[in-house]
Amino acid sequence: MEHPAIEARGLSRSYGRVKAISNLGLTIAPGEKVVLIGPNGSGKTTLIKLLSTLIRPTSGTLKLFGKDTASHGAQLRRRVGVLLHEPLLYNRLTALENLQFYSKMFNVPNEDRRIWELAEEMEIGDLLKTRVDSLSHGQRKRVSILRALLHDPPILLLDEPDAGLDQTAVQGLVKLVSRNGRTVVMSTHNLESGLSMAQRVIVLKKGKVIMDVDREVLDGANLDLGYEALVTG
C-alpha cells in the first residue's frame, strides 16, 4: 500500500508559552494539491517549516512517505522543495551562481540545462547573470521559486509564493507547481490563485485546523463568506 506523502499526528510547536501549532493531525496523499489559508498568526508559516523539517515539533510525529522525520530528516529533506519568506539566496552572487550552488547541493543532473529550462518558464532568463542584491523583490521571489524546483522534488512547500508577483508570474507559478504528480502544500492570502491550483483547502486558526474541504465544493464567493465567518467567529 502506498504511504501518504505527508502524515502528521498530534503535531505541536511552541515558542515559549505561545502554541503556534497545536495537536494537529493531517494526511496528504501523493500528488495532492493543498492550499492553506488563515489570518496572520494562524500557524501557516510554522506548519510549512515543520513539514519541511527545518524546525522540529515540540511534540507529535511527522512522516514523509512513511518515514519518520525525527530519524530520517537528512534523507527526506532531499525530497522536499521549500519556499519561505526568506529567499535563501546569497546577495553577492548572481542568480545563476546561486542556482548552480544549490544544484550541486542536490546533485542535480545536467544542472545548467535544468536551470535555463526553468528560467525560461519563469521568464527570468535575462536575469540569471544579475547579482541578487540588484534584483527587485518580485525577481528574487522568482529565482527562489526556481531554486525550490531545481531538484524536481516530489513534495513542494510554498509559503505565500504569490506575494510580490504580477499576474503573469502567478499564472506561470500555478502551471509549474501543478505538474508531474507532485505533492504541493501552499499557503496564500490570494484565494483566487490558491483555488486555481488546489484540490483541497485547509483553514488554520490559532494553530488548529478549523476547516478541511475538497476544492470542488467551493467557489471564491462561498469560500470568502465561510472563511470570514470562521476566522472571526
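The values are calculated or read from the model by the stated rules, or taken from the named source; none is laboratory data. These numbers were taken from a predicted model, which means no experiment stands behind them. Counting neighbours? That spans all protein chains shown, and the Cβs are built from the backbone with ideal geometry, glycine included.
Summary of computed values
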{"quantity": "Test: residue 61 is in a helix (DSSP H, G or I) and in contact with a Lys or Arg (Cβ under 6 Å, 6 or more places away or on another chain)", "calculated": "no"}
{"quantity": "Residue tally, condition in a helix (DSSP H, G or I) and among the polar types (S, T, N, Q), over the stretch 72-129", "calculated": "4"}
{"quantity": "Scan of the stretch 33-58 for residues that are over 13 Å from the mean Cα position of the chain (by Cα) and either crowded, with 20+ Cβ neighbours inside 10 Å or of a type outside the set (A, V, I, L, M) (or both), ordered by number", "calculated": "38, 39, 40, 41, 42, 43, 56, 57, 58"}
{"quantity": "Residue 45 vs. criteria touching a residue at least 60 places away in the same chain (Cβ under 8 Å), in contact with a strand residue (DSSP E or B) (Cβ under 9 Å, 6 or more places away or on another chain) and closer than 24 Å to residue 138 by Cα", "calculated": "yes"}
{"quantity": "Hits in the stretch 60-79 (condition: within 17 Å of residue 10 (Cα to Cα) and within 16 Å of the chain's Cα centre (by Cα))", "calculated": "64"}
{"quantity": "Every residue from the stretch 128-138 that is crowded, with 20+ Cβ neighbours inside 10 Å and out of contact with any Lys or Arg (no Cβ under 8 Å at 6 or more places or on another chain)", "calculated": "135"}
{"quantity": "Count of the stretch 203-220 residues which are modelled with pLDDT of 90 or more and outside any strand (DSSP E or B)", "calculated": "2"}
{"quantity": "Some residue of the stretch 137-153 being without any contact (Cβ under 8 Å) to a residue 60 or more places away in the chain, in contact with a Pro (Cβ under 6 Å, 6 or more places away or on another chain) and closer than 18 Å to residue 99 by Cα", "calculated": "yes"}
{"quantity": "Filter pass, residue 13 being part of a strand (DSSP E or B), surrounded by fewer than 19 Cβ atoms within 10 Å (Cβ to Cβ) and in contact with a Ser or Thr (Cβ under 7 Å, 6 or more places away or on another chain)", "calculated": "no"}
{"quantity": "Answer from 113, 92 - the residue that is under 20 Å from residue 173 (Cα atoms), more than 21 Å from the chain's Cα centre (by Cα), surrounded by fewer than 18 Cβ atoms within 10 Å (Cβ to Cβ) and at pLDDT 95 or above", "calculated": "113"}
{"quantity": "Qualifying residue in the stretch 170-185 (condition: under 30 Å from residue 41 (Cβ atoms), touching a residue at least 40 places away in the same chain (Cβ under 8 Å), in a strand (DSSP E or B) and basic (Lys, Arg))", "calculated": "no"}
{"quantity": "Residue ID - surrounded by the most Cβ atoms within 10 Å (Cβ to Cβ), chosen from residues in the stretch 183-202 that are of a type in the set (Val, Ile, Thr) and at pLDDT 90 or above", "calculated": "185"}
{"quantity": "Filter result (closer than 25 Å to residue 181 by Cβ, out of contact with any Phe, Trp or Tyr (no Cβ under 7 Å at 6 or more places or on another chain) and β-branched (Val, Ile, Thr)) within the stretch 1-56", "calculated": "6, 27, 28, 34, 35, 48, 53"}
{"quantity": "Yes/no for residue 65 being on the phi > 0 side of the Ramachandran plot, surrounded by 12 or more Cβ atoms within 10 Å (Cβ to Cβ) and at pLDDT 95 or above", "calculated": "yes"}
